[in-house]
Amino acid sequence: MTFRRMAFQIFKANLRRYLLFFLCSSFTIMIFFTFATLSNNPDFMDSYKVNGMISGNLYAPTLILKVFAVLFLIYAQSAFVKFRKSDYGLFMVLGMTHHNIRKMLVFENGMIAVASILTGLGLGTVFSGIFFGLVSLIVDVQDLSFRLTMESYKDTVIFFVVIYSVVIACSLVLTLRYSIVNLLKEARTADRSLIHGSVPGIIGIVLVAIAVGDWLSRTAEESDLVLRSLMICFVGIYLVMSSLSDWISFALKRFSKNNHKNMLFVSDIKYSFGQSKIVLFLITILVTFSLMLNSLVLFLTIDTLNMATRQNPYHIAYAEVFGKNRIPQETLSKILDDGKTPLNSHQVLEYMDLHPFKVFSDQKLNTITGSHYKVEQGHFLNLSLYDQSEGYEGEIPGMATYELDSPAGKKTLISQGVIAKMLFNRIPIVSNGLYVILNEQDYIAIKTANIKRIGHIHLLNFKNWKKTAELDAELNVALVKYNKENTVSWYRDDRHDAAVFVTQSRIVEYTHLKQAGEFGVMLFTFEGLLFFLSSGVLLHFRILTDWEREKIKFLKLKRIGITSKELAKIITKPLRLLFFFPYLLGIVLSTFYFVYAVKIAARQIIEPLSEVLLLGGMYLGLQVLFYLIYTRRYTHRMLKEIGLDKQ
């Protein structure tokens, strides 16, 4: 038999060991490819067709998926190498060299890599079309076509080929340390841990306390603090996990009245938990980030109505400036009269566009918006269109002085302060600059010299703003038509011109936010499902690596008279900690970080708390179901193999 034939036969015989790894890898590649088809779809990424709030939802899940793929494949590869080490030792006894072992390792893992990539791309090609159909239903954008681009295939293949290559290369390097004796004992030998004992756990608790204190001292402008705090917290948690088995055994020995009943459990937990800390740590990370992101998307989706209302105090607003958007009054009246909801008010706010400054009169602004600002002559107010009720407490930037060009010459105005309030909607052509409020006399002094730069902001309110979608669309059509027929394009691009001189309406903002939230929920639901399945696979890999060791231990217990009922309890007791500890820890971490982040950002705590706890409860419920099914099958198989299934 040739080496290639033998390697293939060995690979075929061990195919069941690789099946879960292969399926989960293929599923990961399929999801990654599906996201890649959207990222490389020119229609979907076209900001003129799909709002950036919607397409921007792809970046976070794609990045998390990349990190997950790296961590998952590295651990899964190390688990499978551990499976095969005893086999490699036997092959070396029969005369195989280190070179032959390396060739076999490359062949086996290469076959899995190629099969996973091809299967993932094949499934992704089919599924991406279905996924795009779901996206189209949510986004509801015209002229959005599905495309399979070569960039999607290339990005997916290159990314996963690099990961598999690095993982296989690391495995090849480790073969330099292989010896026949160590390989043969591998299945019954515990992994050596450099971090153990109570001291690392104490250091870990200190790090977690530092991370919590760092996060609690957070202010709104420190948006990057969450990553720093989480990194410190995760390092501390890993150290705590490294010591947790020692603490559990100490507590049971010291404080348990029936210490003899826990002897076997203490032994099991010290071994199984000590060997599983990397898996538990990875699952904790997956659960934490998955819950945080899903909770954030769900919270924003639920809050879309309030957000659209806060950001758009007027139902529809548009600016008439530089000859643009100056549609006839008859056209405007016809559009407003034909709408599904009656017009309540139509106000016009005058301003000057002295690029990059948008200059307003305090009197005109007060008359239109109902504000009560009084600017002293020779002074000015910085205006920031921001709703402070959203919770922003940081310093709002503003100018200390403003150089005013008047007919009498240059004049330096002194800042009278900064105002942060949504006085009117953020209209695109008006929002590309700084807002300045002047005293009425100073405003009039420069008005005659800048008559061509006078603009008017039309502020429209209706009886029911949720019925203004068609009216807003018709108004935009009229604005585009007028600008094309009566003015010169600013950007030599009709689409860009239309995007700048468009209306800013509450209904469009609400629709975009709603679609972005629903799209985000769909993305993170898929990714959450992937994380849940993968966490189960990681646990299965961990438990499967100890199958032979556990079987030998239970056979010895059988010889001294243990019953199947007693053995079932011994089997499931340590598994509870493995299955539920990372999920409970992940729920606690995600709840703490997410709720406090929303409390700072939006001054809310009850609403996001209920949402993250709801999602956490769903995660935990699925894990309970998985635990019941898995432990039942695992216990039944173990009892059957040691001959206690008939008791």
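The values are calculated or read from the model by the stated rules, or taken from the named source; none is laboratory data. Quick caveat: nothing in here was measured; it's all calculated off a predicted structure. We place every Cβ from the backbone using ideal geometry, glycine too, and count neighbours over all the protein chains shown. The accessibility values were calculated without ligands, DNA or RNA, using every heavy atom of the protein model including side chains. Shrake-Rupley method; radii C 1.70, N 1.55, O 1.52, S 1.80 Å.
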query: Of all the Cα-Cα pairs you can form in segment 48-103, what percent are over 17 Å apart?
result: 62 percent
message: What distance in nm separates the two pseudo spin-label positions at Val161 and Val206, each 7 Å out from Cα along the beta-carbon direction?
response: 4.8 nm
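Is segment 380-536 best put as rounded, prolate or oblate by its Cα gyration tensor, with a ≥ b ≥ c the root eigenvalues, rounded for a/c under 1.5, and otherwise prolate when a/b is larger than b/c, oblate when not?
Numbers: a/c = 2.47, a/b = 1.52, b/c = 1.63.
Oblate, since a/c reaches 1.5 and b/c is not below a/b.
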- request: Obtain the nm distance between the two label points defined at Leu529 and Thr97 by a simple spin-label model: each point lies 7 Å from its Cα along the Cα-to-C-beta direction.
  value: 5.0 nm
statement: Length gained if Trp547 through Met53 is fully extended, taking 0.36 nm per residue and subtracting the Cα-Cα distance, is 173.0 nm
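Do any chymotrypsin sites (Phe, Trp or Tyr not before Pro) in segment 347-378 lie in a loop, going by DSSP, with at most 14 other beta-carbon atoms within 10 Å of their beta carbon, and if so which? Write out the running numbers ahead of the final one.
Numbers: sites: Tyr351, Phe357, Phe360, Tyr373; in loops: Tyr373.
When the chymotrypsin sites (Phe, Trp or Tyr not before Pro) of segment 347-378 are filtered for loop state and at most 14 Cβ neighbours within 10 Å, nothing remains.
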message: Please report the accessible area of His512 (heavy atoms, 1.4 Å probe, ligands and nucleic acids excluded) in Å², nearest 10.
response: 50 Å²
Sites Val477 and Lys410 - FRET efficiency at Förster radius 35 Å, r taken between beta-carbons, to 0.05: 0.20
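I'd like the FRET efficiency for Val67 and Met45, computed as 1/(1 + (r/R0)^6) with the beta carbon distance as r and R0 of 22 Å, rounded to 0.05. List each step's numbers first, then the result.
Values: r = 22 Å, r/R0 = 1.01.
Efficiency at R0 = 22 Å is approximately 0.50.
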- request: Scan around Glu320 for amide H atoms under 5 Å from its own, H built in the peptide plane at 1.01 Å from N, and keep only partners 5 or more places away or cross-chain.
  value: His456, Ile457, His458
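Rounded, prolate or oblate for segment 295-415? Axes are the square roots of the Cα gyration tensor eigenvalues, ordered a ≥ b ≥ c, and the cut-off for rounded is a/c under 1.5.
On the way: a/c = 2.37, a/b = 1.21, b/c = 1.96.
It comes out oblate by the Cα gyration axes.
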message: Could you order the peptides 333-345, 437-449 from most to least packed, using the average number of other C-beta atoms within 10 Å per residue?
response: 437-449, 333-345
task: Take the Cα atoms of segment 482-624, find their three principal axes, and give me the spread along each one in whole Å, biggest first.
output: 97, 34, 19
Quarter of Cα convex hull surface for segment 65-129, i.e. mean projection, nm²: 5.3 nm²
field: Residues Leu227 and Ile130, FRET efficiency given R0 of 25 Å [Cβ-Cβ distance, rounded to 0.05]
entry: 0.15
message: Given Cα positions, please report Rg to Rh for segment 293-333, the hydrodynamic radius being the Kirkwood one.
response: 1.29
Length gained when the stretch Thr175-Leu148 is fully extended (0.36 nm per residue, less Cα-Cα span): 5.6 nm
